[in-house]
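Asker: Dropping a structure here in structure tokens format, bear with me for questions.
Values in this text are rule-based calculations from the coordinates and carry no lab data. Only a predicted model underlies this, so the values are computations on that prediction, with no experimental measurement involved. Backbone-built Cβ (ideal geometry, glycine too); neighbour counts: all protein chains shown.
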Amino acid sequence: MLILCPGTNPNIFDGRTVIASPHKVYGPEQNDLVLQLRKQKVDQVILAGMSANLCVQAHMHELLEMGFEIAVVKDATAAAQIPEGDGYLAALVNFRFMANAVWTTDEAVKRLQQ
């Protein structure tokens, strides 16, 4: 499943893709993502995205709190590096502690094809 903003791709209206309103800060607390997932009877989510230690991690936290099973695709995300540390490595540690699974893109694709 992908979660995309409306208008990004004309092929996403396949009856399986959930389209949620954009998030406001980092996580989905202020949008309708959880509602849209519940309406589709989705309870497992695969996360990937641009900012591992901000958006991806915030979505993981909230969705776990709401009872979803979460897999994170570790090589389909990234994060900034600053003198005080590496956001990507920090996120990987948290993914390992919290997510139900941490996969590579190849693993995710294989699982989705089963």
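Asker: If you take every DSSP beta bridge fully contained in the chain, what fraction is antiparallel? Give it as a percent rounded to 5.
Answerer: 15
Asker: To one decimal place, what Kirkwood hydrodynamic radius in Å is obtained for the chain from all pairs of distinct Cα atoms?
Answerer: About 14.7 Å for the chain.
Asker: Would you mind calculating the gained length between residue 100 and residue 50 on full extension (0.36 nm times residue separation, minus the Cα-Cα distance), in nm to one decimal?
Answerer: So the extension gain works out to 16.0 nm.
Asker: Per residue of segment 24-33, in order, report the coupling 6.51 cos²θ - 1.76 cosθ + 1.60 (Karplus, θ = phi - 60°) as ³J(HN,Hα) in whole Hz, putting x for Gly and Pro.
Answerer: Going residue by residue, I get 9, 10, 10, x, x, 4, 9, 10, 9, 4 Hz, with x marking Gly and Pro.
Asker: Residues with amide H under 5 Å of residue 49's amide H, sequence separation 5 or more or different chain, H placed in the peptide plane at 1.01 Å from N; which?
Answerer: Those lying under 5 Å, H to H, from residue 49 are 77, 78.
Asker: Kindly write out, for segment 71-84 in residue order, the coupling ³J(HN,Hα) from the Karplus curve 6.51 cos²θ - 1.76 cosθ + 1.60 (θ = phi - 60°), rounded to whole Hz, with x marking Gly and Pro.
Answerer: 10, 10, 8, 5, 9, 10, 8, 8, 6, 6, 10, 10, x, 7
Asker: Given the chain, what count of lysine pairs have C-alpha atoms under 25 Å apart, with each pair 8 or more places apart or on different chains?
Answerer: Values: 24/39; 24/41; 24/74; 41/110; 74/110.
Close lysine pairs under the 25 Å cut-off: 5.
Asker: Would you calculate the separation in nanometres between label points at residue 109 and residue 32, each defined as 7 Å from the Cα along the Cα-to-beta-carbon direction?
Answerer: 3.4
Asker: Could you tell me which residue out of 54, 81, 17 lies farthest along the dipole of segment 3-113 toward its positive end? Charges go on the beta carbon: Lys and Arg +1, Asp and Glu -1, centred on the Cα centre.
Answerer: Positive-most Cα among the choices belongs to 17.
Asker: If you don't mind, another one. In nm, what is the difference between 0.36 nm times the number of residues separating residue 84 and residue 21 and their Cα-Cα distance? Don't skip to the answer; put the middle values down first.
Answerer: Details: separation 63, 0.36 × 63 = 22.68 nm, distance 3.35 nm.
My answer for the length gained is 19.3 nm.
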